[in-house]
1. What average number of partner chain Cβ atoms lie no more than 10 Å from the Cβ of the residues making up B:195-208?
2. Grab the eigenvalues of the alpha-carbon gyration tensor for region A:27-168, scale each by 5, take roots, and send me the semi-axes largest first in whole angstrom.
3. Going Cα to Cα from A:Lys67, which aspartates and glutamates come in below 19 Å? Please leave out same-chain ones fewer than 8 positions away.
4. Given A:Lys88/B:Lys39; A:Lys40/B:Lys39; A:Lys202/B:Lys162; A:Lys149/A:Lys180, which pairs have Cα atoms separated by over 26 Å?
5. How big is chain A in terms of Cα radius of gyration and Dmax, in angstroms?
6. Can you list the aspartates and glutamates whose alpha carbon sits under 16 Å from that of A:Lys124, skipping same-chain ones fewer than 8 residues off?
7. Which order do A:Leu198, A:Leu267 fall in if you start with the one that has the fewest other Cβ atoms within 10 Å?
8. Evaluated at 4 °C with a viscosity of 1.567 mPa s, what Stokes-Einstein diffusion coefficient in µm²/s does region A:144-271 have when Rh comes from the Kirkwood expression over alpha-carbon pairs?
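A short reminder: the numbers here are calculations on the coordinates, not readings from a lab. Just so it is clear, the model here is predicted, and its values are computed rather than measured. With ideal geometry, Cβ positions are generated from the backbone for all residues, glycine too; neighbour counts draw on all protein chains shown.
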Amino acid sequence: MGLSILAIVTTILRRKEVYQYLTYPNIYYLSTTNDKVSVKLYSHHEVDPYLQPANIISLSLEVPQEKDSYLLSIDQIVAEQEHIHYQKQKYRMYTLHLSFPFEYDEHLQMHNVNLVFEFVYGEKFKIPIGSIICYEKKSQDVLRIVNLKGVVEEKSKLQVLTGIGITLYHSENRPFYLEKMEPLDNRVTIASNTVMELSTTKYPPNTGLFEIEERYCKQTQLLPFEIEASQSTHLFFPLIYQDVQTITTLAFVVTYQEDGVRYTQVLEPFQFFKTTSITYHQVKYVPNSN
Amino acid sequence: MKSFLKINIGILLSVIVFCGLSHAEANASTGHDEFTSIKFLYNPELKLIVEMSESERVALLNRVKRKAFGWSTYTNYRKYEIEYEAGTIFSRSNTTNQVIEFHYSTATSDKKTKTSELSGTLGMKLSGKFNKITASLDSSIRGEIGKKSESTFKEEMEFKVKIEPGRRVSLMVKGLAKLSNGASKYYLFGISAKKEIWEYIDVVNEYYELTEEIVM
């Protein structure tokens, strides 16, 4: 510990240089049965003293909008062999394996979250990492999903998931009604509580919503929607955003009624798409500049 | 003895040709190992390098302007939008009588997110090796078609699915990309010393589709 502190002090005194980090916004889903999260970030330094666990006094999550803060536990920080180049500079990937040593409920959502690092002598810096969404993992999975895919369009120069297609199969010969489909991410909702029934799942993922409605839609109706027994029903849900943004991964809470009894089921997070058109963050830290 | 040798050499050559043809079949459709099919979004009449005839490739090379020293590049297609299919990431069956939870994770589908490059000299065989594009040639090509996105982050893909007994769950990949191709020549004292035909695919988006089917 003493040697590590000496190393970091020596490094700072020897040369006054800028430490640069890169991250990109991600969505971390935490179920109530799993309190671990792995965050990737990239450092301009091959061996970064600020990413050595022994030198980090504390690491916390900061939620600027709510002014909330949560102390984290560092399980491990791994300096990976992966490197990327950005603006003609080489960055090394680090993976931070973290734990949440506190109780959280299924409704906890944090967006535009920063990781706040604190070091000796009051040094501190922040790195934005995206969103953290907590949910309760429910054990009952009655609803069978036979097909799941998304539709992505460009809006305001961003790649946006504008709808999701889901094929459900209900085998029991009992009345079954789909009542609600809600994204866990509170920045996204289902448009007007409506659902389209489609004739097929063979539409391209970059199809526009207008074309989905014109070419593939059998009918549009408000929820609740009756799912016929012993056959696959292709459904499509258009999405609405508070602010247009790129969200690649969504989980859903599905509420349905079977034989007069209401149930809810969580559809686990699914990454609908990946894009190279992402916004990344570069953080520059000058030691002892606070 | 001679007839024995002839028969065995004949068999050996047949195997080599067969293997070559099989290998050609794997790459022949697109010329890129990562993509099983490629379709131009707005220009269906356009051709990939592997679809061009010998004379069409010669015509590309003939369009390269002469210079005294270094690489000279002619761009045939510049960032045309394409749709691609990249096959199946995983396909997992459950032949047990219990539900299994399948967790698929990869550090990256890196080969699908970074540029796919194809190059070859004139008269290349589909089953032959493609020459690696050198840094200097890459620089010349990028100078013409523009850089790819700098966002080459290693994004981990993770999927957790539950597989019912007697079912198979598959994850398939499709995507959007930008395709550029052309020809380049390396000149020494104004004389062409090397020739390359190239094709770059810069991935823009990758889409995932989960499907379930009955296996028994």
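1. That works out to 4 on average.
2. Calculated on Cα positions only, the semi-axes equal 31, 22, 15 Å.
3. In chain and number order, the partners are A:Glu103, A:Asp105, A:Glu118.
4. Table pairs above 26 Å Cα-Cα are A:Lys88/B:Lys39; A:Lys40/B:Lys39.
5. Rg, Dmax (Cα atoms, Å): 22.9, 75.
6. A:Glu17, A:Asp48, A:Glu62
7. Ascending number of Cβ neighbours within 10 Å: A:Leu267, A:Leu198.
8. The calculation lands on 87 µm²/s.
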